[in-house]
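Please read the structure below before turning to the comments.
The values are calculated or read from the model by the stated rules, or taken from the named source; none is laboratory data. Model, not experiment: these values are computed from the prediction. Using ideal geometry, Cβ is built from the backbone for each residue, glycine included, and neighbour counts are taken over all protein chains shown.
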Amino acid sequence: MAAKTLLILPGDGIGIEVTAQVRRIIDWMAKRRNVAFEITDGLIGGAAYDAHGTPLPDATIAAAHKADAVLLGAVGGPQYDDLPFDKKPERGLLGIRKQMGLFANLRPAVVFDALVDASTLKPEVVSGLDIMIVRELTGGIYFGEPRGIETLPDGQRKGVNTLTYTTEEIRRIGRVAFDLARKRNGKVCSVDKANVLECTILWREEMIKLHQEEYTDIELSHMYVDNAAMQLVRNPKQFDVVVTTNMFGDILSDCAAMLTGSLGMLPSASLGATDAKGRRPALYEPVHGSAPDIAGKDMANPLATVMSFAMCLRYSFDMAEDADLIENAVKAVLKGGLRTADIMQPGKAKVSTSVMGEAIVRELDKMV
Ligand code: NAD
């Protein structure tokens, strides 16, 4: 069988430490599951700027196009704050998403039983929560033209941004959501503001058409974004897959993230369009940043990155069984009482990044 190719871009700060824990899991998979990954390392963000004077070297873009999937740590750091805009580490991240054509951002919000108290919401509201926010990532008001700030003849200034979506942009993100729902609990809630915005009237109409044409086995509902924000904190467990526009998704996915209570536990995936050969560009990364305050101290929580790798196995390599193994190992480690500092609770054992990584491998060993 051809080796599966994975490009790892550790990036900056804790990105280096957390991606190192995924390497332990990959080594374990080679030994115990007979799964060979061909791993390439690349530079992005501040590390790439230090080495090559750009946050996104051509070699990194080429390697990303070549690989079956990309796993990214995080980018950024205070030492890069004064760089010109186009040299900032974050431009590397936006650039690679654009180069790879990643239009769908998947952000699961899962509450583990062992961490139910980490949420600011009542345990009965969040326990057992497992929802998926699907955000359109390359269209909508963040990219629409015209945009800008102009000065009017009377001297006032006017700011303009434009919300646009085409039929095809709506249908392709709709398909991602419906396909995910088929592998989950069969429900999609499409979030819009169709009572006010024509663009999202079109969004709703196209979601309904797509549903009728291809996905009648899935339950489709619609919700205005203001209500969705309220429902996410009132009764989040009513949702399975939520699909929405770029800006609404930006806001709602952060809201959903906080239901779980911890930045160090949140994975994500960004997917592009499947090509004629059946290959789909995909980038997996934790939601958190490079955490300069704890970088290099072996303190960071690697679980968001480990679970991003589990998503990679599930969505890029169709290895649901191995993804389940990793997610179950994470649950077992937490149940066993190990905690990195960010999720520390009274009576639990505080461990380092690397000890957490080793503990996951130990749990995996017990499971096969
Ligand atoms: P951050 O996510 O890096 O950190 C916010 C807080 O959460 C910090 O106190 C940090 O210590 C803590 N934290 C984050 N991840 C953690 C983990 N895995 N384990 C334990 N604690 C964790 O956000 P920030 O401080 O606003 O940004 C720092 C840098 O990261 C900036 O340069 C920013 O631009 C960049 N950033 C990058 C990404 C990315 O690469 N996707 C995302 C957000 C921010």
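In table form, for the structure just shown:
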quantity: Near pairs, Cβ below 7 angstrom, 6+ apart or cross-chain, from segment 84-108 (at positive phi) to any residue that is of a type in the set (A, V, I, L, M, F, W, C) and surrounded by fewer than 23 Cβ atoms within 10 Å (Cβ to Cβ); calculated: G101/A273
quantity: Filter result for the condition that a residue is basic (K, R) and touching a helix residue (DSSP H, G or I) at 6+ places or on another chain (Cβ under 6 Å), over K335, K348, K277, K331; calculated: K335
quantity: Condition met for V330 (among the hydrophobic types (A, V, I, L, M, F, W, C), part of a helix (DSSP H, G or I), more than 22 Å from P108 (Cα to Cα) and over 13 Å from the mean Cα position of the chain (by Cα)); calculated: no
quantity: Complete set of residues in segment 3-28 that are within 14 Å of A69 (Cβ to Cβ) and either without any contact (Cβ under 8 Å) to a residue 12 or more places away in the chain or surrounded by 14 or more Cβ atoms within 10 Å (Cβ to Cβ) (or both); calculated: K4, T5, L6, L7, I8, L9, T19, V22, I26
quantity: Unique match (being at pLDDT 95 or above, more than 25 Å from the chain's Cα centre (by Cα), surrounded by fewer than 16 Cβ atoms within 10 Å (Cβ to Cβ) and not hydroxyl-bearing (S, T, Y)) among Q212, Q238; calculated: Q212
quantity: Residues of segment 304-348 classified as aliphatic (A, V, I, L, M) and within 16 Å of the ligand (Cβ to nearest atom), total; calculated: 12
quantity: Number of the condition not met by L259 [criteria: (1) part of a strand (DSSP E or B); (2) within 13 Å of M132 (Cβ to Cβ)]; calculated: (1)
quantity: Hits in segment 80-103 - residues which are in a helix (DSSP H, G or I), under 10 Å from Y49 (Cβ atoms) and not aromatic (F, W, Y); calculated: K87, P89, R91, G92
